[in-house]
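Take a look at the structure set out below.
The values are calculated or read from the model by the stated rules, or taken from the named source; none is laboratory data. Please read all numbers here as calculations on a predicted model, not as lab measurements. Note: ideal-geometry Cβ built from the backbone for every residue, glycine included; neighbour counts use all protein chains shown. Side chains included, ligands, DNA and RNA excluded: accessible areas come from the protein's heavy atoms. Shrake-Rupley method; radii C 1.70, N 1.55, O 1.52, S 1.80 Å.
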Amino acid sequence: SESFKRRFLGTHFFNPPRYLKLLEIIPTDATDPAVVERVAQYGRLHLGKGIVVANDVPYFIGNRIGIFAQMQAIRHYTDGDYTIEEVDTLTGQLQGHPKSATFRTADVVGLDVLVDVTKNLYEKAPEDESREEFQVPDVLQKLVDEGRKGAKSGEGFYKKVDGEILSLDPETFEYTSAEDMDIGDVTSIKKAGDLTARLNALYQDTGRAGEFFRSTTLETLAYSARRIGEITDNPADVDRAIRWGFGWEMGPFEKWDALGLETALNGMENHDIEVPQWVSDMKESGATSFYRTEDGTREVYVPGEGGYVAAASCTHL
């Protein structure tokens, strides 16, 4: 009925909901805005959630960007020459992500869940220009086929044996002790300073750490920009969803600002990464960042508005 349609919407909690702050609310075209506000208020005041209103598209905001970023990192192991330990070192607290990083997170979530989510995203997003990034790597599929589903089965990318944490050798499919990492002087990057300083140190690194960081980060930043207008109109909502749902200290557009708009754009050009027109329009307008502070108010560039608006104006905090 029309009455039912006005009162219907979707809610997406992030697991474990006891700890993760994000609650995505997904209205339909028929949902009464007052109902959206009521549910948002309840989630915020009674459940302690950070609320983001997402468009009704495959995997909404958080998982659409988060899974893409995770698959970028995983492919440097499955299709590249980085070890599990190297990837987790480079995608953990060093760049403001949870210490579980990439592969420990995958094991905790469940590799069967990750496979299902990735396959479903590939199926449901046929118009996504980066759809092939959601093809399940053979190594991941084989682990699931063999019942190695991660923490719940006792083995996945990692396995604990006699108190030692072993990792998967993709060639033999056996678990081995960690080898010495070949990613340069990570200690100096850790000591570079705050997160912005560490991100820039990683970006400027001339070794394998820098190569990994530039490749995965630039792809994720550009992908996030290409999704604006589809998953949400507001870049700030992407950042909030990734911070609250995936535990990053900075969302993609905040990271972009930390690296510098021009620096990242030059890197994307060097890597032949597609940048959406709205970012070029923003730059041509004279803007030098996605966020700015005017008269004490934090503002974000929203392409649909043709300029900056208050960062909190398009969402419920």
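Taking every protein chain into account, the accessible area of the stretch 268-317 amounts to 59 square angstrom per residue (probe 1.4 Å).
One decimal place: the segment Phe4-His46 gains 12.7 nm when fully extended, by the rule 0.36 nm per residue minus the C-alpha distance.
Per residue, the accessible area of the stretch 54-133 comes to 38 Å² when a 1.4 Å probe rolls over the protein heavy atoms.
To the nearest 10, the accessible area of Glu294 is 80 Å² with a 1.4 Å probe. Matching the structure-derived semi-axes √(5λ) of the Cα gyration tensor in Å against the labelled list (1) 109, 22, 18; (2) 57, 32, 18; (3) 33, 26, 18 gives the label (3). Coupling constants for the stretch 243-260 follow from the phi torsions by the Karplus curve (6.51 cos²θ - 1.76 cosθ + 1.60, θ = phi - 60°), and in residue order they are 5, 7, x, 10, x, 6, 6, 10, x, x, 6, 5, 4, 4, 4, 5, 7, x Hz; glycine and proline get x.
Full extension of the chain between Glu123 and Asn270 yields a length gain of 49.9 nm, computed as 0.36 nm times the residue separation minus the alpha carbon distance.
For Thr176 and Lys152 in one chain, what is 0.36 nm times their gap in residues minus the Cα-Cα distance, to one decimal in nm?
Going from the current span to full extension adds 6.7 nm.
Sorting the segments 87-97, 270-280 by their residues' average number of neighbouring beta-carbon atoms within 10 angstrom, most packed first, yields 87-97, 270-280. Whenever you get a sec, compute what percent of the accessible area on the chain sits on carbon and sulfur atoms (1.4 Å probe). In the chain, the share of accessible area belonging to carbon and sulfur is 46 percent.
Taking the C-alpha atoms only, the angle from helix 195-204 to the longest principal axis of the chain is near 60 degrees.
Sorting the segments 17-23, 297-303 by their residues' average number of neighbouring beta-carbon atoms within 10 angstrom, most packed first, yields 297-303, 17-23. Label separation (Thr293 vs Gln93): 2.7 nm, computed from points 7 Å beyond Cα along the C-beta direction.
The angle between the Cα long axis of helix 208-226 and the longest principal axis of the Cα atoms of the chain comes to about 30 degrees, rounded to the nearest 10. Using θ = phi - 60° in the Karplus curve 6.51 cos²θ - 1.76 cosθ + 1.60, the 3J(HN,Hα) couplings for the stretch 293-300 round to 10, 10, 6, x, 9, 6, 10, 10 Hz; x is entered for Gly and Pro.
Taking amide H as placed 1.01 Å from N in the peptide plane, the amide H of Arg298 sits under 5 Å from that of Ala311, each at least 5 places away or on another chain. Cα-Cα over 21 Å: which of Lys99/Lys190; Lys124/Lys152; Lys49/Lys255; Lys191/Lys255; Lys49/Lys149; Lys99/Lys152? Too far apart for the 21 Å limit: Lys124/Lys152; Lys49/Lys255; Lys49/Lys149. Between the alpha-carbon centres of the stretch 200-270 and the stretch 107-168 there is a gap of 24 Å. Dimensions of the stretch 150-305 along the principal axes, based on C-alpha atoms and rounded to the nearest Å, stand at 58, 34, 33, largest first. Please determine, in degrees from 0 to 90 and to the nearest 10, the orientation of helix 111-124 with respect to the longest principal axis defined by the Cα atoms of the chain, where the helix direction is its Cα long axis. Tilt of helix 111-124: around 50 degrees. Residues whose amide H lies under 5 Å from that of Glu155, counting only those 5 or more places away or on a different chain, are Lys149, Gly150; hydrogens are built 1.01 Å from N in the peptide plane. Peptides 64-76, 109-121, 233-245 ranked from most to least packed, by the mean per-residue count of other Cβ atoms within 10 Å: 233-245, 64-76, 109-121. Calculated FRET efficiency, Asp145 to Asp81, Cβ-Cβ distance, R0 = 41 Å: about 0.95 to the nearest 0.05.
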